[in-house]
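To start, the structure itself, in structure tokens.
The values are calculated or read from the model by the stated rules, or taken from the named source; none is laboratory data. Nothing here was measured: the structure is a model prediction, and the numbers come from that model. Note that each Cβ is placed from the backbone with ideal geometry, even for glycine, and that neighbours are counted across all protein chains shown.
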Amino acid sequence: MNIIVVGLSHKTAPVEVREMLAVPESRLGEALNRLCAYPGIKEGVLLSTCNRVEVYAVVDEMESGYTRVQEFLADTHLSLSSEQLTPHLYWHGGDHAISHLFRVAASLDSMIVGEPQILGQLKDAFEVALAHKASGVILNKLVKKAISVAKRVRTETKIAEMAVSVSYAAVELAKKIFSNLSEKTVLLVGAGEMAKLAARHLINNGVRHIMITTRDPHGALELSRRFNGVPVPFDEFRREMAEADIVLCSTGAAHYLIRAEDVQRAIRLRMNRPIFLIDMSVPRNIDPTVGTIANAFRFDIDDLEMRVEQNREERLREAAKAERMVEEEVGVVRQWLKSLEVTPTIVALRKRAEEIKQAELEKSLSRLGNLSPQERGLIEGMASAIVNKLLHGSLVTLKTEANSASGSLFIEAAKRFFNLDDETTSGRTEQLPNTGGQSDAHQPDRPVPVAGRSGPERASAQDMPDEET
Amino acid sequence: MPVMFFMTTMVLYLAGTAFSLAYLLRRSEALSKVSLGVTGIGFISHTLALITRVMAADHVPLASFHEALSFFSWALVLVFLGVELRHRIHVLGSFILPLALISLLSAAALPKEVPTLEPVLRTVWVHVTLSILGTVGFAVAFVAGIMYLIQDGLLKSKRFNILYTKLPPLDYLDYLNQQSIVLGFPLLTLGIITGALSAEFARGSYLNWNPEQTWALVTWVFYFVVLMGRLTVGWRAKRAAYLTIIGFAGVVLTFIGVVLKGHGPVA
């Protein structure tokens, strides 16, 4: 039993290759069925996003497993030959495959390190694999572990906390001025893409009141419907500015739309409550001298970009912390996998011994004829004692050595000494639903990853077109 | 016994302050946890120090500057622990704890003897307690004001450093400033009233315009104006921060003046 991953990502393949290989969600099930039909492939999960296509599989034998999965990938797209594909692929086996999965889930392998979508995508891929019974005991455990590792990384490092897009940096700044965005009002001036995106982020972060003004009155009306806001006539917005806590400005105007005196008056009317102005237009629409007015905080696109750049560096620092966590968690899973191997061996060994004992007892007892219950008990006790004492040392050794480097060698040796091959295999197939055909084995696990998806992740995933496609 | 607790408290507050200051400069959340733990133990020890002192001496509590300062420091730490546990603003400790430490060290430097009071002044501790609690409110407003001005300056100059990431949002600091005054001002008012009553009993006059009484009234008027200005004409944000810093600086200078003049009892 080996865990492997074969795939390609934004790091190894250009978008032309990635899009050819990408499997749409509607055809994911069919692809998984095809994958599991390959001989020697016991379990499979197929992760297909715009930045990566990866197959995680449990295979009998590592080398042939790599070949099979590669064949599978080449078959996914007819016009893509194996020769064209191979240079873009990477292969990982064992611990490396597990740590790769964890790194992907924790968004350490993403184009934008720390972006949140990949976790949702992995959950979706896992859900499909479960529905098609492609995933079994081992991948179930690994993917669920990957999800919990990702969450741990998310909570214990600041990797996902920092804004890495200009529009999101505006939200981050707003949160340093206002503690409760849901009580704040946003004034959107102009219909520039960046400002609309920032407005969308602000709404996702709790803002409920939004006023919109554009030079073209129809534009304001249309945007108001989309953002559930209030349209404001363009020649009046300076007066309305006193109502706004946050002003997002992005128009095509070639001059300053908001001057220092406009802001001064607004602040006076606001009784000195701070006002946060974001100028996302080039050329700028807010007079830079506004920044010198007390309680007015003005930022332009360069300021936001500087913030994004700083956050990128910070994220890389946090990523190093996350890598250590991944290593730690791979260790935990490694232990589990090893115990998985030793347990069926021990069970088989006990069973074999018990069978021999029972057979020999029956033979002897029937030959001895009439025995008192006391004598029977004595003989049975002796047989059990011999068997247990003989096995004891082997079992203890197996259990302790299972976690050592040569653990698999000991298990292999035990199997050969006691001629356990058949039992062990059957013991394992019981646990692997797709080979043994016992589908209920993984049922109890199902709801966990599906229900575990949280709302904010989803929301941010949908509304960050500039973060990741 | 009280001295032992007092010394332990000093050491623990010193450590708590050191850790909280280190937290300001380092990207480590653990430092603030250590600081909080050490300060928490220090606070228990401080409480024991105050209780055992009162019980051992059997005298009117809070009758000396030593005790007043020690109590001020205790109440400040109490407020910090309350706000920290409720709002999790770790960085608050980096600003309040140094103040509590300075106050405790000043207490240590002052004579610990208990002045003998005329029997009529035996209820003076009510006046002192209320006045000190009011002053704690002004101290927290002062700290919030300093934090406000720092964050305001960092935002204005676009310096997004570690301090920027750790300081809470501006409007939270303004809210903290406001709440501290709103709670501190009535306490000071009650403190002044009870003080006047004590004076009436002891000396037969409510007010004899000695420097302490004059300054207490000036302070009261100042904070009254600050509070009214906020509620009516919008003296909030930066202006409120400046005013509360000036106000508390005045309180501290007055106190130093009174101590240096060598007045015995606080009353």
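Among the helices (runs of 4 or more DSSP H) contained in region A:12-87, which hold 1 or more residues that are within 23 Å of A:Val143 (Cβ to Cβ)?
Working: elements: A:15-21, A:28-37, A:62-76, A:82-85.
Ranges flagged: A:15-21, A:28-37, A:62-76.
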*Among residues of region A:153-172, those that are of a type in the set (A, V, I, L, M, F, W, C), at pLDDT 85 or above and over 19 Å from the mean Cα position of the chain (by Cα), counted*: 3
*Just give me the residues in region B:164-196 being more than 12 Å from B:Ala241 (Cβ to Cβ), within 11 Å of another protein chain (Cβ to nearest Cβ) and touching a residue at least 24 places away in the same chain (Cβ under 8 Å), in sequence order.*
B:Lys166, B:Leu167, B:Pro168, B:Tyr172
*Being over 33 Å from the mean Cα position of the chain (by Cα), surrounded by fewer than 18 Cβ atoms within 10 Å (Cβ to Cβ), among the charged types (D, E, K, R) and on the phi < 0 side of the Ramachandran plot narrows it down to one of A:Glu328, A:Glu355, so name that one.*
A:Glu355
*Among the residues of region A:153-180, which ones are facing chain B (nearest Cβ under 10 Å), without any contact (Cβ under 8 Å) to a residue 60 or more places away in the chain and part of a helix (DSSP H, G or I)?*
A:Lys175, A:Lys176
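Out of the residues in region A:305-320 that are touching a residue at least 60 places away in the same chain (Cβ under 8 Å) and at the interface with chain B (Cβ under 10 Å from one of its Cβ atoms), state the one that is surrounded by the fewest Cβ atoms within 10 Å (Cβ to Cβ).
Start the filter on region A:305-320 by keeping residues that are touching a residue at least 60 places away in the same chain (Cβ under 8 Å), which leaves A:305, A:307-308, A:311-312, A:314-316, A:318-319.
In the following step, the residues that additionally are at the interface with chain B (Cβ under 10 Å from one of its Cβ atoms) were identified as A:307, A:311, A:314, A:318.
Working: A:Arg307: 22, A:Asn311: 22, A:Glu314: 19, A:Glu318: 23.
Checking each candidate, the answer is A:Glu314.
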*Which of (1) within 29 Å of B:Arg26 (Cβ to Cβ); (2) at the interface with another protein chain (Cβ under 9 Å from one of its Cβ atoms); (3) assigned to a helix (DSSP H, G or I) does A:Gly291 not meet, given it meets every other one?*
(1)
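Limited to region A:272-288, what total is found for residues that are in a loop (DSSP other than H, G, I, E, B) and within 13 Å of chain B (Cβ to nearest Cβ)?
Going residue by residue through region A:272-288, those that are in a loop (DSSP other than H, G, I, E, B) are A:272-274, A:280-285, A:287.
Among the residues that remain, those that are also within 13 Å of chain B (Cβ to nearest Cβ) are: A:272-274.
Of the residues in region A:272-288, 3 are in a loop (DSSP other than H, G, I, E, B) and within 13 Å of chain B (Cβ to nearest Cβ).
Among the listed residues A:Lys141, A:Lys133, A:Lys175, which satisfies the condition of being over 10 Å from the mean Cα position of the chain (by Cα), on the phi > 0 side of the Ramachandran plot and surrounded by fewer than 23 Cβ atoms within 10 Å (Cβ to Cβ)? Write out each step before concluding.
Values: A:Lys141 fails: on the phi > 0 side of the Ramachandran plot; A:Lys175 fails: on the phi > 0 side of the Ramachandran plot.
Just one listed residue meets the conditions, A:Lys133.
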_Quick check on region A:256-271. Is at least one of its residues at pLDDT 90 or above, within 10 Å of chain B (Cβ to nearest Cβ), touching a helix residue (DSSP H, G or I) at 6+ places or on another chain (Cβ under 8 Å) and not in a helix (DSSP H, G or I)?_
yes
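Only one of these is at pLDDT 90 or above and assigned to a loop (DSSP other than H, G, I, E, B): A:Ala134, A:Ala146, A:Ala150, A:Ala191. Name it. Outline the logic, then answer.
Values: A:Ala146 fails: assigned to a loop (DSSP other than H, G, I, E, B); A:Ala150 fails: assigned to a loop (DSSP other than H, G, I, E, B); A:Ala191 fails: at pLDDT 90 or above.
Every option except A:Ala134 fails the conditions.
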*If you go through region B:215-236 one residue at a time, do you hit one that is away from every other protein chain (no Cβ under 14 Å), under 27 Å from A:Leu269 (Cβ atoms), part of a helix (DSSP H, G or I) and without any contact (Cβ under 8 Å) to a residue 40 or more places away in the chain?*
yes
_Name the residue that is surrounded by the fewest Cβ atoms within 10 Å (Cβ to Cβ), counting only residues in region A:212-223 that are under 11 Å from A:Ala191 (Cβ atoms) and in contact with a strand residue (DSSP E or B) (Cβ under 7 Å, 6 or more places away or on another chain)._
A:Leu223
*Pick from region B:152-163 the residues that are within 7 Å of another protein chain (Cβ to nearest Cβ) and in a helix (DSSP H, G or I): which of them is nearest to B:Glu84 (Cα to Cα)?*
B:Leu155
*Listed residues B:Leu176, B:Leu231, B:Leu253; which is at pLDDT 85 or above and surrounded by 14 or more Cβ atoms within 10 Å (Cβ to Cβ)?*
B:Leu176
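Look at region A:224-248 and say how many of its residues are among the acidic types (Asp, Glu) and either surrounded by 15 or more Cβ atoms within 10 Å (Cβ to Cβ) or within 37 Å of the chain's Cα centre (by Cα) (or both).
Result for region A:224-248: 3.
Is at least one residue of region A:211-223 within 35 Å of the chain's Cα centre (by Cα) and more than 14 Å from chain B (Cβ to nearest Cβ)?
Taking region A:211-223 first, the residues within 35 Å of the chain's Cα centre (by Cα) are A:223.
From what's left, more than 14 Å from chain B (Cβ to nearest Cβ): A:223.
Yes, because at least one residue in region A:211-223 is within 35 Å of the chain's Cα centre (by Cα) and more than 14 Å from chain B (Cβ to nearest Cβ).
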*Within region A:108-131, track down each residue that is over 15 Å from A:Val53 (Cα atoms) and either outside any helix (DSSP H, G or I) or not assigned by TED's automatic domain parsing to the domain that holds A:Arg52 (or both).*
A:Leu108, A:Ile112, A:Val113, A:Gly114, A:Glu115, A:Pro116
